[in-house]
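The values are calculated or read from the model by the stated rules, or taken from the named source; none is laboratory data. Because the structure is predicted, anything quoted here is derived from the model rather than measured. Quick reminder, even Gly has a Cβ in these numbers, built from the backbone with ideal geometry, and neighbours come from all protein chains shown.
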Amino acid sequence: MATIGHLVKTVTTAGVAERLSATDLWVSYFLIQSLETNNDQVYGGGSTVSSSSYGFYLSAAGAAAGKEQGGLGFATQVNLKDIWIDVGTGGQGVSVFYVQS
């Protein structure tokens, strides 16, 4: 049976990347969306993510990016703790919808 959850992550200081989840959070599907109150970009990637080096970025206010894993009956798991985000302006962030299976 799948578990559906969500979280909100804000980054305190622009230029200082933070983990999407502070603890291990293995998921088979996730959707990351820029908070509606954001007025600057959010950058995502590995631990070295920054505004000049990133795997993806979300525009201000409501932009979304997601990832669905799986195929041939095997579920590939992604640990949200391994995804880092940085922001163009401190105090902004993302909401994350996820499914654990």
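Regarding segment 67-82, can at least one residue be identified that is at pLDDT 95 or above and at positive phi?
No, every residue in segment 67-82 fails to be at pLDDT 95 or above and at positive phi.
How many residues does segment 15-25 contain that are out of contact with any helix residue (DSSP H, G or I) (no Cβ under 8 Å at 6 or more places or on another chain) and surrounded by fewer than 16 Cβ atoms within 10 Å (Cβ to Cβ)?
2
Check VAL94, VAL49, VAL42 and return the single one that is crowded, with 19+ Cβ neighbours inside 10 Å and at pLDDT 95 or above.
Being crowded, with 19+ Cβ neighbours inside 10 Å and at pLDDT 95 or above holds for just one of VAL94, VAL49, VAL42, which is VAL49.
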